[in-house]
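See below for the structure under consideration.
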Amino acid sequence: NKVLSEDILPALDTLRKEKVQYMEWQNASSKMERLQRYCVAYKYAEAKTLLLDGEREVKDTVAGLAEVESQLEDAEAQMRRKADDAKSLRIEKEKEEGGEVKGLAQETDRLSKQIVQETSRLNN
């Protein structure tokens, strides 16, 4: 009985305390691993959301860029058409003015000749 109370029971109490400590450590370790997995899953979900948002932004930017390029091409084409129209109008105006000037020059020459003829008839 003396051996039991002096040697075995204190060792048994120590083992029980160590068992309780081990179980607490094991629970804490298990909980920590679970929380770490949760953190990794959360970081993964955040990164995936960030990636999808980035991809959407890139697609939107590319689409916007394509639209701007299309508008630029349309504006350049319109500018070329307007320049061609202006050139055509300028040429047409020059032709009209040139034709009018030629007509007036011919009329002036005809009238000058007529004046010379009439003047020489009067003098004779």
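Residue-level analysis places LEU52 among those that are out of contact with any helix residue (DSSP H, G or I) (no Cβ under 8 Å at 6 or more places or on another chain), among the aliphatic types (A, V, I, L, M) and surrounded by 10 or more Cβ atoms within 10 Å (Cβ to Cβ).
Pairing each residue of region 2-16 that is touching a residue at least 12 places away in the same chain (Cβ under 8 Å) with any residue that is of a type in the set (Lys, Arg), provided the two are 6+ apart or on different chains, yields no C-beta distance under 9 Å. For region 86-117, give me each residue that is of a type in the set (D, E, K, R) and open to solvent by less than 80 Å² (accessible area, probe 1.4 Å). Answer for region 86-117, where residues must be of a type in the set (D, E, K, R) and open to solvent by less than 80 Å² (accessible area, probe 1.4 Å): just GLU107. Here region 1-17 is the region considered, the condition is being open to solvent by less than 100 Å² (accessible area, probe 1.4 Å) and among the acidic types (Asp, Glu), and the residue that is modelled with the lowest pLDDT is ASP7.
The values are calculated or read from the model by the stated rules, or taken from the named source; none is laboratory data. A quick note: this is a predicted structure, and the numbers were derived from the prediction, not measured. FYI the Cβ positions are ideal-geometry reconstructions off the backbone, even for glycines, and counts take in every protein chain you see. Heads up: the accessible areas ignore ligands, DNA and RNA and are worked out on the full protein's heavy atoms, side chains in. Shrake-Rupley method; radii C 1.70, N 1.55, O 1.52, S 1.80 Å.
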